[in-house]
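The structure appears right after this line, and notes come after that.
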């Protein structure tokens with residue numbers, strides 16, 4: 001895949017500068033290195049703040065989900081690298097509206113470590129809670145579901161937690177909404193290639209379970225049917241509060 005990059009070493013900072021320049025009324029930098037970004041109207045007094053973060057190179061994750069009814073702030077790391085505790089702390093302070101801050105991020109070692117450190121740095125100043133996305137069934141079997149990575153399912157946690165925060169819910173209720181969304185999301189990867197030795201197999205965790213070829217055919221037929229219906233009646237996607245993030 002071709003990319004237009006001036007300098008790989010400056011990619012993250014230039015991307016952030018461009019996004020901030022494009023949406024000055026919606027986003028603002030809240031740290032000297034501009035790696036902590038928040039809603040332009042943050043902090044929202046009386047509302048729980050929601051902070052996310054992670055390595056760059058996954059847009060729209062994580063920056064693309066900062067906005068009304070979604071996350072309040074984000075800490076942006078280098079490509080495939082976790083943001084630092086200091087950057088996360090800057091995002092936490094920017095998001096704090098007086099009722100606490102919820103951390104929502106994917107289950108990756110560096111992110112877990114640095115968000116935990118940021119929470120410790122904020123202790124005594126800001127109450128924090130954490131919800132970690134663990135929806136990638138390909139990364140660990142169901143017996144070790146707490147070890148799974150967080151991938152696309154984070155979107156639903158952002159939406160549910162963001163809607164609760166926008167309504168003025170407590171930190172406990174906002175966290176509960178995010179945990180409920182995480183618990184209900186588990187994404188199965190695509191089918192593995194057919195082999196001459198047997199039917200198509202579907203991967204679930206580290207084990208393979210057989211799925212009849214007719215089941216796979218039915219799944220494809222349902223997708224084709226949905227695509228056909230969308231051509232005649234396109235779906236409308238709205239956030240719980242009727243707005244969306246500028247970079248989404």
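Values computed for the structure shown
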item: Matching residues in region 136-149 - criterion: being at pLDDT 85 or above and buried (at least 21 other Cβ atoms within 10 Å of the Cβ); result: 148
item: Pick from region 105-118, criterion in contact with a helix residue (DSSP H, G or I) (Cβ under 8 Å, 6 or more places away or on another chain) and farther than 19 Å from residue 158 by Cα, ranking: surrounded by the most Cβ atoms within 10 Å (Cβ to Cβ); result: 118
item: Scope region 73-118; condition under 14 Å from residue 132 (Cα atoms), assigned to a helix (DSSP H, G or I) and in contact with a strand residue (DSSP E or B) (Cβ under 6 Å, 6 or more places away or on another chain); matching residues; result: 111, 115
item: One residue from 16, 102, 89 being in contact with a helix residue (DSSP H, G or I) (Cβ under 8 Å, 6 or more places away or on another chain) and under 24 Å from residue 146 (Cβ atoms); result: 102
item: In region 119-135, residue modelled with the highest pLDDT [restricted to those that are assigned to a loop (DSSP other than H, G, I, E, B) and crowded, with 21+ Cβ neighbours inside 10 Å]; result: 134
item: Residue among 46, 64 that alone is within 23 Å of residue 176 (Cβ to Cβ) and surrounded by fewer than 24 Cβ atoms within 10 Å (Cβ to Cβ); result: 46
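The values are calculated or read from the model by the stated rules, or taken from the named source; none is laboratory data. All of these numbers come straight from a predicted model, not from anything done at the bench. Note: ideal-geometry Cβ built from the backbone for every residue, glycine included; neighbour counts use all protein chains shown.
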